[in-house]
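The values are calculated or read from the model by the stated rules, or taken from the named source; none is laboratory data. Worth saying up front: this structure is predicted, and the values here are computed from it rather than measured. Every residue, glycine among them, receives a Cβ derived from its backbone with ideal geometry; neighbour counts consider all protein chains shown. Accessible surface areas use protein heavy atoms only, side chains included; no ligands, DNA or RNA. Shrake-Rupley method; radii C 1.70, N 1.55, O 1.52, S 1.80 Å.
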Amino acid sequence: MSRLKNIVYIKNTAIFTEENGVVNGSLLIEDTIIKTIHTEKPLPPEDAIVIDGEGLNLIPGFIDGHIHGAAGADVMDATEEALDTMAGALPAEGTTSFLATTITQAPQNTDKALENVADYQSKQGMADVIGVHLEGPFIEADKKGAQPLEHIMEPDINQFKKWQHLSGNSIRTITMAPEHDATGEFMEFLFTSGVNVSAGHTDAGFEGIKKAIPYGLRQLTHLCNAMNGIHHRDIGAVGAAFELDELRAELIADGIHVSPEMLQLIFSNVGSKRLILITDAMRAKCLQAGNYELGGQPVTVTEDRAILKDGTLAGSILKMSEGARQMLQLRDASIHHVVQMTSANPAKQVGIFDRKGSIKPGKDADLLLVDDDLDIKYTICRGMIAYQGGSSK
């Protein structure tokens, strides 16, 4: 991908800023960074690429904290080409950064995937690989979902230390079942080392989730899926998302993993400040319906979903832009709420809000120009136009 000019000037747009709310004005990018925001109309630099954002909204790029694959590639392929393929495809759906997400697999396969991320250099004009989401293998077998049963194991600090070392210290989130860490030793180790601890593929009830919070639990993985739902005698992990302010919760907003009615119930009760939109997408995203693979298991992909042979949902083929639009259609939802769920919250959750997740001078120029329906007109990844008007650049 050839590099365009390193100065971009976006004018006449509604800018969703971190510090001053929505302001009408212009924004200047120099190299990879947001340089200035103006409410007046200064002349652009002579050598700038000028984008007229009239009638559009300038919002932060989406951050997908849970994605396995896209466009035929998967993180577990453990190749530079696979990550390049994903990073090149994702700007078309508004994703400018993502956590490369593993699946429960033989330890040696996980080794290779983590080493590959450690060696990988994100490329300007493509989505930025900001680290790893280690999904499994420290999970509950009865809630395995599409995670292969034969590779599930008990929490092991030494095993995690090895993987963190192989990853170049890039594991930012781990999905685990807290009930398999009765003393909390494993969670405390993760939390104190700066890892975002997320309960998922778990059989814990409400009290089990609540008990894990002092040990460092701060998130729930793909809320409602592979966990206990709300029951009138135990409100389960889903109820914990409603009641425990310490937790943020991932949400797959495709209307399949979670019904539209449940999406509304969650949004109305948990709120945009504690929700994180994800895709949990697998390699078939962006491809035609057919037969694919996830974690060594055959997956059948139809027009709207990916399933194992027994009908279990196997990740998704959701695009972030589609999930964002699904949430925008909910009662009382606004673009501001979507920005919280797709950008600010995921950045805060993994400790990168100092450089991503909002529009502020000095931060990475990861930006989207969208209309009021969140249709994407431009995607800018660290200062470079990566997608425009229906075509990748």
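For the reader, a short list of remarks on this structure follows.
- Candidate lysines - alpha carbon under 25 Å from K348, same-chain residues fewer than 8 apart omitted: K35, K123, K161, K210, K211, K273, K319, K356, K360, K363
- Using 0.36 nm per residue and subtracting the Cα-Cα separation, the extra length available between D142 and T192 on full extension is 15.1 nm.
- Gyration tensor (Cα) of segment 25-120, equivalent ellipsoid semi-axes in angstrom: 37, 13, 11
- Heavy atoms of the protein chains alone define the surface here; on that basis the chain has 39 Å² accessible area per residue at 1.4 Å probe size.
- Its relative contact order, with pairs defined as Cα atoms under 8 Å and 6+ residues apart, puts the chain at 21 percent.
- Segment 197-320 - percent of accessible surface contributed by carbon and sulfur, probe 1.4 Å: 49
- Coordinate range along principal axes, alpha carbons of segment 101-141, Å, largest first: 40, 18, 9
- Euclidean distance of C-alpha centroids, segment 189-225 and segment 164-185, integer Å: 10
- Distance from segment 96-121 to segment 255-291 (C-alpha centre basis), Å: 23
- Per-atom-type breakdown for segment 58-127 gives carbon and sulfur 43% of the accessible area (1.4 Å probe, protein chains only).
- For segment 283-362, GluC sites (Glu not before Pro) meeting the loop criterion (DSSP other than H, G, I, E, B) and having at most 13 other Cβ atoms within 10 Å: E303.
- Lysines with Cα under 16 Å of K41, excluding same-chain neighbours fewer than 8 positions away: K11
- Scanning residues 5 or more positions from L294 or on other chains, those with amide H under 5 Å from its amide H are V299, with H placed 1.01 Å from N in the peptide plane.
- Using θ = phi - 60° and Karplus 6.51 cos²θ - 1.76 cosθ + 1.60, couplings along segment 352-360 (whole Hz; Gly, Pro as x): 10, 5, 5, 10, 9, x, 7, 9, 7
- DSSP beta bridge pairing in segment 38-140, given as percent antiparallel to the nearest 5: 20
- Ranked by how many other beta carbons lie within 10 Å on average, peptides 333-339, 382-388, 364-370 from highest: 364-370, 382-388, 333-339
- Phi angles across segment 210-220 convert, under the Karplus curve 6.51 cos²θ - 1.76 cosθ + 1.60 with θ = phi - 60°, into 3J(HN,Hα) values of 4, 4, 7, 4, x, 7, x, 5, 9, 8, 10 Hz, Gly and Pro given as x.
- Cα→Cβ-extended label distance, 7 Å offset, between E46 and K112, nm: 5.4
- Among Q159, Q147, Q219, residue whose mean-square fluctuation peaks in a GNM of the chain (springs only between Cα atoms under 10 Å): Q159
- What the Cα convex hull of segment 242-393 gives, in volume per residue, is 142 Å³.
- Bridge orientation summary for segment 268-393: considering DSSP beta bridges with both residues in this region, about 95 percent are antiparallel.
- Summarising the amide proton neighbourhood of A71: residues at separation of 5 or more, or on other chains, whose placed amide H is nearer than 5 Å comprise K285, C286, L287.
- Relative to its residue count, the chain spans a Cα convex hull of 125 Å³ per residue.
- Annotation: amide H of K377 within the under-5 Å range of L369, V370, D371, sequence separation 5 or more or interchain, hydrogens built in the peptide plane.
- A Gaussian network model of the chain, with springs between Cα atoms under 10 Å, assigns the largest mean-square fluctuation among I37, I174, I317 to I37.
- Extension gain from E150 to T79, taking 0.36 nm per residue of separation minus the Cα-Cα distance: 23.2 nm
- Of all DSSP beta bridges confined to the chain, the antiparallel ones make up roughly 55%.
- Estimated distance in nm for a label pair at H231 and A182, the labels positioned 7 Å out from Cα along Cα-to-Cβ: 2.1
- Averaged over residues, the count of other Cβ atoms within 10 Å places the peptides 345-351, 267-273, 87-93, 244-250 in the sequence 87-93, 345-351, 244-250, 267-273, highest first.
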